[in-house]
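Notes for the one structure printed next.
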Amino acid sequence: MLRYFKLSLLLFICLPAVAQKPRNELHFTSSIQQMITVYKGTIFVNGKKAFQFAADSINYNSKRNRLVESDKSVFLFLEVSNRPQKDRLIVFNVEYSRADSILSAVSSDIKDWDRDGNSEFGGSELTATYPAADSMYYVPSKFYEIRKGKITYDAELTTATDQKVNGVYLASPSDKNGKCCQVIPKPKKRAH
């Protein structure tokens, strides 16, 4: 009986230590059989080192880490920590044995946000609360669309989102000092 107690105690102590081991690698395979591994901040394509992050801030447990294929293009999305701001999606174009960083966006789900048949991603950064009850800082967003093997800025979704959040769309949201963002009146709530 004492023997089983010691074994149970040993398992109770050791198992949580094993279960809490941080994850530090990801594995993907494209439809054209590119083997993509992300390990401790380094991207390998077909066994060759393709990109090295300056610091490993990848969120390895994120469901947003994924490959997206469009036409003949392969895009690798990796979510990275960006504290104190929102996390970011770093997007890579994977071609042959290369992984080229092509853009960074606010982390979001990659889905058809505006129901146009194409996947989009992006969003807005955190902004400070304005000290007056009737005003707010403009909250700009930026969305991108995956379409026909390319990733492009989605002006239509960005404009629609900004109008919904802010009540208005500003093409240049910076204040007179070039900092984000202008103070605007709070949008009136719509009656349903």
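The values are calculated or read from the model by the stated rules, or taken from the named source; none is laboratory data. Computed from a prediction, not measured in an experiment: that's the story for all the values here. Please note: Cβ atoms are built from the backbone with ideal geometry, for glycine as well, and neighbour counts cover all protein chains shown. Areas reflect the complete protein model, heavy atoms only, side chains present, ligands, DNA and RNA absent. Shrake-Rupley method; radii C 1.70, N 1.55, O 1.52, S 1.80 Å.
Among the chymotrypsin sites (Phe, Trp or Tyr not before Pro) within segment 45-112, those in coil by DSSP and having at most 13 neighbouring Cβ atoms inside 10 Å are 96.
Restricting segment 117-192 to GluC sites (Glu not before Pro) that sit in a DSSP loop and have at most 16 other Cβ atoms within 10 Å of their own Cβ leaves 125.
Helix 2-19 and the longest principal axis of the Cα set of the chain meet at an angle near 40°. Within segment 110-187, the proportion of C-alpha pairs whose separation exceeds 17 Å stands at 48%. Going by alpha carbons, how many degrees (0 to 90, nearest 10) lie between the helix axis of 155-166 and the longest principal axis of the chain? Long axis of 155-166 versus the principal axis of the chain: about 80 degrees. Annotation: extensible slack from residue 177 through residue 53 equals 41.4 nm (criterion: 0.36 nm per residue apart, minus Cα-Cα distance). Between residue 46 and residue 129, full extension at 0.36 nm per residue minus the direct alpha carbon distance yields a gain of 25.2 nm. Of the trypsin sites (Lys or Arg not before Pro) in segment 129-177, the ones in a loop by DSSP (not H, G, I, E or B) with at most 12 other beta carbons within 10 Å are 148, 176. Listed by chain and number, the aspartates and glutamates placed with their C-alpha closer than 19 angstrom to that of residue 72 are 95, 100, 120, 145; residues fewer than eight positions away on the same chain are left out. Using the Stokes-Einstein relation with a Kirkwood hydrodynamic radius computed over Cα pairs, the translational diffusion coefficient of the chain at 37 °C and a viscosity of 0.692 mPa s comes to 167 µm²/s.
Applying 0.36 nm per residue to the separation of residue 28 and residue 188 and subtracting their alpha-carbon distance, the gain on full extension is 53.0 nm. For the chain, the solvent-accessible area with a 1.4 angstrom probe is 67 square angstrom per residue.
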